Ligand SMILES: [Zn+2]
């Protein structure tokens with residue numbers, strides 16, 4: 001049994017297919033000003049687990065141990081949240097502050113109840129976990145290998161304005177769930193952060209001790225480490241490495257992602273390979289992607 005305690009419980013009992021994998025929370029806009037979708041869903045073949053009104057009131061229709069069919073092929077693994085609004089302009093209307101707060105609470109609850117990671121889903125691929133939104137699984141926005149979450153071509157759900165608010169929803173959910181993450185002002189995930197720390201440890205091992213203050217107060221690899229690392233890496237690596245630092249300086253990527261880049265470069269070195277332009281471009285593609293600039 002999993003009912004979010006902050007919701008008005010309006011159970012719709014006809015959806016009884018087990019939700020065995022819970023890999024993400026998917027956010028939607030209902031394109032409705034109705035205060036509830038209970039009547040509509042009661043007579044429909046589709047349904048969401050949650051509905052969030054503009055005043056922040058939450059309704060839950062389906063226990064999260066069951067599937068609520070709002071996401072086509074994503075139904076088997078996603079907790080779905082519909083939100084009131086989007087009638088006048090679904091693409092440009094943001095969620096209200098009360099909706100953002102309620103969405104964050106639902107995500108924090110999903111994290112603590114089901115272990116959904118409080119990170120943004122970059123795509124709808126079956127292995128992707130976290131907090132996402134419907135459009136990720138809608139053509140033509142869907143990536144290659146992404147799961148199809150709608151048959152409606154070009155559906156913007158929940159719309160560009162709301163998609164821009166997803167990082168704020170996640171940041172607030174992290175605070176509510178008590179997760180402590182460095183405040184980088186950028187998006188990188190818990191697992192990426194762990195990867196970064198691991199990369200820093202690996203870098204230290206390979207290039208020698210560069211001092212104790214590897215990360216600064218925000219958990220970002222410090223300038224001192226960056227400055228100490230450069231001369232120790234070989235010429236080809238340096239070239240890409242400097243490009244990474246320059247990109248960081250231009251705020252195209254955050255310094256923490258430099259650690260990811262360095263890790264990748266060291267992997268190439270360790271395998272005895274030489275770094276080609278394609279390798280560098282590949283690395284940069286990943287790095288930009290992790291900070292959400294691919295959208
Ligand atoms: Zn939707």
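The values are calculated or read from the model by the stated rules, or taken from the named source; none is laboratory data. Since we're looking at a predicted model, the values are computed, not measured. Heads up, the Cβs are rebuilt from the backbone with ideal geometry, glycines too, and the neighbour counts pull from every protein chain shown.
Is it true that residue 55 is surrounded by fewer than 21 Cβ atoms within 10 Å (Cβ to Cβ) and within 16 Å of the ligand (Cβ to nearest atom)? Here the answer is no, as residue 55 does not meet what is asked. Sort out which residues of the stretch 20-48 are buried (at least 16 other Cβ atoms within 10 Å of the Cβ), more than 13 Å from the ligand (Cβ to nearest atom) and under 23 Å from the mean Cα position of the chain (by Cα), and write them in order of number. Answer for the stretch 20-48, where residues must be buried (at least 16 other Cβ atoms within 10 Å of the Cβ), more than 13 Å from the ligand (Cβ to nearest atom) and under 23 Å from the mean Cα position of the chain (by Cα): 22, 23, 24. Somewhere in the stretch 153-172, is a residue modelled with pLDDT of 50 or more, exposed (fewer than 14 other Cβ atoms within 10 Å of the Cβ) and within 16 Å of the ligand (Cβ to nearest atom)? Checked the stretch 153-172: at least one residue is modelled with pLDDT of 50 or more, exposed (fewer than 14 other Cβ atoms within 10 Å of the Cβ) and within 16 Å of the ligand (Cβ to nearest atom). Every listed requirement among (1) within 18 Å of residue 91 (Cα to Cα); (2) more than 14 Å from the ligand (Cβ to nearest atom); (3) in contact with a helix residue (DSSP H, G or I) (Cβ under 6 Å, 6 or more places away or on another chain) is met by residue 111 save one, (1). For residue 17, the test of being away from the ligand (no atom under 13 Å from the Cβ), touching a residue at least 24 places away in the same chain (Cβ under 8 Å) and surrounded by 16 or more Cβ atoms within 10 Å (Cβ to Cβ) is failed.
Is it true that some residue in the stretch 125-142 is away from the ligand (no atom under 16 Å from the Cβ), in contact with a helix residue (DSSP H, G or I) (Cβ under 7 Å, 6 or more places away or on another chain) and at pLDDT 95 or above? No: zero hits.
Of all residues in the stretch 27-56, those that are touching a residue at least 40 places away in the same chain (Cβ under 8 Å) and within 15 Å of residue 109 (Cβ to Cβ) total 4. Residue 116 falls short of the stated requirement of being under 24 Å from residue 66 (Cα atoms), assigned to a helix (DSSP H, G or I) and in contact (Cβ under 8 Å) with a residue 40 or more places away in the chain. Checking 90, 68 one by one, the residue that is crowded, with 24+ Cβ neighbours inside 10 Å, within 13 Å of the ligand (Cβ to nearest atom) and within 24 Å of the chain's Cα centre (by Cα) is 68 and no other.
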